[in-house]
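A short worksheet on the structure shown next.
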Amino acid sequence: MKEFFSHIRGAVVSTLVLAVVCCGLYPLIVFGISQLLFRDQANGSLIVGPDGTVRGSKLLGQAFSDPKYFHPRPSAAGNGYDATSSGGSNLGPTSQKLKDAIWDRITAYRAENGLRETEPVPADAVSASGSGLDPEISLRNAELQIPRVAKARGLSEDKVHELVQQNTDGRNLGVFGDAGVNVLQLNLALDQQR
């Protein structure tokens, strides 16, 4: 019986030590390192407007449909850019529903941006990302939207192009992926133009 209680005491002490280490010390160490080395990312990469209010996150897309704003890529996440329903449509390349949706998006994109019927449309303008929360569009997508945005805001295309360049992120580590334009940051920069 004495040996039995000795094993029980050892198990309880081991459980308590592991609980303190795994549920207390380890999370505090990770939290401390993240706050020290990656403060912006650890706190959500929030974008704060000139009035001091949080406008969104650099890492999450938002819906914009007004002609005076750059439009993000389509989202299949819930009602669009719903972080609680993140995910793609799960429609495959042979899906007629997907083909119809893309064709409708191509037609709408060309119409809203004043493009010819034969003008190529960037893939990110008509296809949703895997998460449905992608905050960036391709540089080509942004360039095709410049005339519409400039006209709607009464700005020169050169000024809008300059803002696009200022809000373009380069390739990851200089070699991976393509340059992307953060739509929320760009639209906030446009709102600051008077």
Just to verify a result, which residue in region 50-69, among those that are in contact with a strand residue (DSSP E or B) (Cβ under 9 Å, 6 or more places away or on another chain) and of a type outside the set (Ser, Thr, Tyr), is surrounded by the most Cβ atoms within 10 Å (Cβ to Cβ)? GLY61
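With respect to ARG153, is the statement that it is over 18 Å from the mean Cα position of the chain (by Cα), of a type in the set (Lys, Arg) and closer than 22 Å to LEU115 by Cα true?
So ARG153 fits the description; yes.
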Filter region 109-142 down to residues that are in contact (Cβ under 8 Å) with a residue 40 or more places away in the chain and in contact with a Ser or Thr (Cβ under 7 Å, 6 or more places away or on another chain), then give me how many there are. 6
Please verify whether ALA76 is in the same structural domain as ASN141 (by TED's automatic domain parsing), of a type outside the set (D, E, K, R), buried (at least 17 other Cβ atoms within 10 Å of the Cβ) and under 15 Å from the mean Cα position of the chain (by Cα), treating the condition exactly as stated. yes
Filtering region 1-53 down to residues that are hydroxyl-bearing (Ser, Thr, Tyr) and more than 30 Å from GLN192 (Cα to Cα), which residue is nearest to the chain's Cα centre (by Cα)? SER34
Of those in region 93-122 that are under 26 Å from ILE47 (Cβ atoms) and of a type outside the set (S, T, N, Q), the residue surrounded by the most Cβ atoms within 10 Å (Cβ to Cβ) is TYR109
Residue among SER65, SER57 that alone is closer than 28 Å to ALA150 by Cα and without any contact (Cβ under 8 Å) to a residue 40 or more places away in the chain: SER65
Of all the residues that make up region 173-194, how many are buried (at least 16 other Cβ atoms within 10 Å of the Cβ) and in a helix (DSSP H, G or I)? 8
Criterion first (part of a helix (DSSP H, G or I) and modelled with pLDDT under 90) does GLN62 satisfy it? no
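Give GLY52, GLY92, GLY88 a once-over and let me know the one that is outside any helix (DSSP H, G or I) and touching a residue at least 24 places away in the same chain (Cβ under 8 Å). Working first, answer last.
Working: GLY52 fails: touching a residue at least 24 places away in the same chain (Cβ under 8 Å); GLY92 fails: touching a residue at least 24 places away in the same chain (Cβ under 8 Å).
So the residue among GLY52, GLY92, GLY88 that is outside any helix (DSSP H, G or I) and touching a residue at least 24 places away in the same chain (Cβ under 8 Å) is GLY88.
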Of all the residues that make up region 79-100, how many are under 23 Å from the mean Cα position of the chain (by Cα) and more than 24 Å from LEU184 (Cβ to Cβ)? 4
Output the residue which, of all residues in region 139-172 that are assigned to a strand (DSSP E or B) and not β-branched (Val, Ile, Thr), is nearest to VAL183 (Cα to Cα). ASP169
The lone condition GLY154 fails out of (1) farther than 22 Å from ALA77 by Cα; (2) crowded, with 16+ Cβ neighbours inside 10 Å; (3) not aliphatic (A, V, I, L, M) is (2)
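The values are calculated or read from the model by the stated rules, or taken from the named source; none is laboratory data. These numbers come from a predicted model, not from an experiment. Ideal geometry is used to build each Cβ from the backbone, glycine not excepted, and the neighbour counts take in all protein chains shown.
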